[in-house]
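Inspection log for the structure reproduced underneath, given as structure tokens.
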Amino acid sequence: MYIPKHFEGSEAIGREIMQAHSWALLITADEQAAPIATHLSLLWHDDGSEHGALIGHMARANPHWKLFVRPAESLALFWGPHAYVSPTWYAPGPKVPTWNYVTVHAYGRPEIVEDTRDVLAVLEKLAAAYEGAGPEAWRLDRLPPGNAEVQTKGIVAFRFPLNRIETKIKLSQNRDLEDRRRVIDKLASSDGQDAKATAEWMKRVLP
């Protein structure tokens with residue numbers, strides 16, 4: 001990913017974005033170097049390695065997972081808040097439109113999870129992450145005995161150990177402070193949730 005120095009984010013920020021915005025696009029090149037992409041949730045966790053790992057699953061009918069057998073270099077793309085920025089928001093002068101955003105590219109080689117118990121563990125971690133810990137939270141044990149094991153036949157679970165994480169936070173850091181504050185005010189007053197969230201990210205990187 002092209003990242004000018006003033007838009008470069010830390011790996012810690014990248015982990016934060018992946019955890020907060022875990023709906024991702026997983027891309028793997030096939031044997032003819034043609035990209036195959038799948039939209040899915042990927043959960044980052046600290047497995048003790050330098051960059052951590054992602055876990056997820058996809059439908060067994062999806063041929064994408066067959067590329068993991070090699071295993072193949074893959075890219076998981078995560079995106080957080082983003083918003084259009086109008087040049088009319090800046091101080092007067094010859095300005096042009098742009099887009100502010102935060103995004104992460106995570107690289108590695110997915111590995112298929114074979115053992116049914118390990119597949120169930122992946123599903124349990126995903127459910128816990130999205131359902132929370134309340135009394136109404138759904139868990140695998142709400143299924144009839146043996147049903148969870150049957151359900152695993154229709155999916156392929158995988159681990160995705162990461163070897164590189166790139167974080168880009170393009171939030172008007174190349175503009176002067178007056179312009180940045182003007183953009184924040186405009187985005188914060190918007191009705192759009194992405195715009196409001198982008199304004200909050202911009203506040204985080206103000207000098």
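A short reminder: the numbers here are calculations on the coordinates, not readings from a lab. As the structure is a prediction and not an experimental result, all values here were calculated from the model. Positions of Cβ are backbone-derived with ideal geometry, glycine not excepted, and every protein chain shown enters the neighbour counts.
Remarks
- Cross-link pairs 95/196; 5/196; 66/170; 95/168; 125/168; 95/203 - those with Cα-Cα distance over 31 Å: 66/170
- For GluC sites (Glu not before Pro), the sites in the range 1-36 that DSSP calls loop and that have at most 15 other Cβ atoms within 10 Å are 31.
- Charge dipole of the chain about the Cα centre (unit charges at C-beta), most positive-ward option of 40, 6, 78: 6
- Net lengthening on full extension, residue 79/residue 62 (0.36 nm per residue, minus Cα-Cα): 3.8 nm
- Extending 7 Å from Cα along the Cβ direction at residue 124 and again at residue 99 yields two label points whose distance is 4.1 nm.
- Taking a ≥ b ≥ c as the square roots of the eigenvalues of the alpha carbon gyration tensor, the range 157-207 is oblate, as a/c is not under 1.5 and a/b does not beat b/c.
- Those chymotrypsin sites (Phe, Trp or Tyr not before Pro) in the range 123-207 that DSSP places in a loop and that have at most 14 other beta carbons within 10 Å: 138
- If the segment from residue 117 to residue 138 were pulled out straight at 0.36 nm per residue, it would be longer than the present Cα-Cα gap by 5.7 nm.
- Full-extension gain in nm, residue 109 to residue 205, via 0.36 nm per residue minus C-alpha separation: 31.3 nm
- Here each label is just a point 7 Å from Cα along the line to Cβ, and for residue 12 and residue 131 those points are 3.3 nm apart.
- Shape class of the chain from the Cα gyration tensor (axes a ≥ b ≥ c, square roots of the eigenvalues): prolate, since a/c reaches 1.5 or more and a/b is larger than b/c.
- The Cα center of the range 58-131 and the Cα center of the range 143-185 differ in position by 5 Å.
- Long-range amide H partners of residue 72 with built H, under 5 Å: none
- Shown here for the range 91-155: trypsin sites (Lys or Arg not before Pro) in loop regions (DSSP other than H, G, I, E, B) with at most 13 other Cβ atoms within 10 Å, namely 139.
- Net +/- balance of residues flanking residue 19 in space, Cβ distance below 13 Å, scoring K and R +1, D and E -1: -1
- Estimated from helical segments only, the mean residue ellipticity of the chain at 222 nm is -8000 deg cm²/dmol, where each DSSP H run of four or more residues counts as -39500 (n - 2.57).
- Counting charges near residue 79 (Lys, Arg +1; Asp, Glu -1) among other residues having Cβ under 11 Å from its Cβ returns a value of 0.
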